[in-house]
1. Just checking, does the stretch 51-67 include any residue being surrounded by fewer than 17 Cβ atoms within 10 Å (Cβ to Cβ), of a type in the set (D, E, K, R) and in contact with a Phe, Trp or Tyr (Cβ under 9 Å, 6 or more places away or on another chain)?
2. Hey, among the residues in the stretch 191-204 that are touching a strand residue (DSSP E or B) at 6+ places or on another chain (Cβ under 8 Å) and assigned to a loop (DSSP other than H, G, I, E, B), which one's surrounded by the fewest Cβ atoms within 10 Å (Cβ to Cβ)?
3. I need every pair where a residue in the stretch 214-227 that is at positive phi has its Cβ under 6 Å from the Cβ of a residue that is among the aromatic types (Phe, Trp, Tyr) and surrounded by 24 or more Cβ atoms within 10 Å (Cβ to Cβ), sequence separation at least 6 or different chains.
4. Which of the numbered conditions does GLY24 fail, given that it passes all the others? Conditions: (1) assigned to a helix (DSSP H, G or I); (2) in contact (Cβ under 8 Å) with a residue 40 or more places away in the chain; (3) over 16 Å from the mean Cα position of the chain (by Cα).
5. Listed residues VAL13, VAL51; which is farther than 12 Å from ALA302 by Cα, of a type in the set (A, V, I, L, M) and at pLDDT below 95?
6. Touching a residue at least 60 places away in the same chain (Cβ under 8 Å), touching a Ser or Thr at 6+ places or on another chain (Cβ under 8 Å) and farther than 28 Å from GLN267 by Cα: does that describe SER191?
7. For ALA167, indicate whether it is on the phi < 0 side of the Ramachandran plot, in contact (Cβ under 8 Å) with a residue 12 or more places away in the chain and either in contact with a strand residue (DSSP E or B) (Cβ under 9 Å, 6 or more places away or on another chain) or of a type in the set (Val, Ile, Thr) (or both).
Amino acid sequence: MLILNESEIRALVDADAARAAVEGAFRALHRDEATLANVISLPFRDPEGVVHIKAGHLHDDAVWTVKVSGDFDPGDGAPMRHSGLMLVISAVDGTLVGVLGDNGYLTELRTGAAGALAADLLARRDVTTTAIVGAGSQARFQLEALLRVRPIDRVQVASRSRERAQAFVDEVAGLGLAAQLCDSVQEAVRSAGIVVTTTPSTTPLVDAGWLDAGAHVTAVGSDEPAKQELAVNVLASASVVAVDDRRQAAAFGELHHAIEAGVRTEQDAVTLGELLEGVAPGRRSDDDITVADLTGVGVQDAAIAALVVREATRAQVGRLERRD
């Protein structure tokens, strides 16, 4: 059994490798070459938090993965505290192959990778300005991955915490990009070719009336039925609504709220796998509004965990423990 800690894992995989792994997972899911388990969600009250348990198996891999990921609100205005680990298990005999003590890093990385993949499939090629709503750790992962697929040179930031937003803006400026701290989500979204929402909000933050023609929106925060970052009119006005998994998005994604409002159906949505495989149309014109509703699926975790184990084995990183 291989045991890896967070620092070892961070040295093994980067945003490019993560995007390739996630792309393969979505292709496999579309081809029915992957198994996706239902999500288990455990809420906590004091402190307020939630733990998600996700699992998946890519049929070409000799291992499958269980991921435990937690988000807890410290209650003092500080950012959400993320934690997590992944268990990599043999698909041949059921033995434990690896314990990845990533502390939530791989979840953050694969979520950023999915956001960049969605933008690459749906956003205009000439986009140079992005709005990022939220200034926590996922905002940083989304931007890092997005910079690899589009020539972004301007970032407009809005967050409920001005202090965190200012810190993020300073980091962005340090990358040599133009960075603007906005007083509202509306200000940030206007004139942005790509809008990324990365919050745990339970009330809509982005309205369709604020979006420029041709904008692409990626929402990653809605991973429970009560969460919602986009007004339903955003999905109603979109020419394409893409999801990671229809069933999951219809249960608790932005699509869930649009279905409840009667402006979309589950069948209206296309999957990232369908876009990758060329069996569903994407953007048709430069004026289209497109949306990616990403709830996070277990095959993403399976893909990136298997990648980590392969890279660790190749590099001889980590500790090997005997199985009794």
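The values are calculated or read from the model by the stated rules, or taken from the named source; none is laboratory data. Because the structure is a prediction, the values reported are computed rather than measured. Reconstructed Cβ throughout: ideal geometry from the backbone, glycine too, with neighbour counts over all protein chains shown.
1. Checking the stretch 51-67: not a single residue is surrounded by fewer than 17 Cβ atoms within 10 Å (Cβ to Cβ), of a type in the set (D, E, K, R) and in contact with a Phe, Trp or Tyr (Cβ under 9 Å, 6 or more places away or on another chain).
2. The selected residue is SER191.
3. none
4. Going through the list (1) assigned to a helix (DSSP H, G or I); (2) in contact (Cβ under 8 Å) with a residue 40 or more places away in the chain; (3) over 16 Å from the mean Cα position of the chain (by Cα), GLY24 breaks only (3).
5. Residue meeting the stated conditions: VAL51.
6. yes
7. no
For every residue, the table says whether it meets (1) surrounded by fewer than 21 Cβ atoms within 10 Å (Cβ to Cβ); (2) in contact with a Ser or Thr (Cβ under 7 Å, 6 or more places away or on another chain); (3) modelled with pLDDT under 95; (4) in the same structural domain as VAL220 (by TED's automatic domain parsing).
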residue: THR271; (1), (2), (3), (4): yes, no, no, yes
residue: LEU275; (1), (2), (3), (4): no, no, no, yes
residue: ILE289; (1), (2), (3), (4): no, yes, no, yes
residue: ALA292; (1), (2), (3), (4): no, yes, no, yes
residue: ALA303; (1), (2), (3), (4): no, no, no, no
residue: LEU307; (1), (2), (3), (4): no, no, no, no
residue: GLU311; (1), (2), (3), (4): yes, no, no, no
residue: ARG314; (1), (2), (3), (4): yes, no, no, no
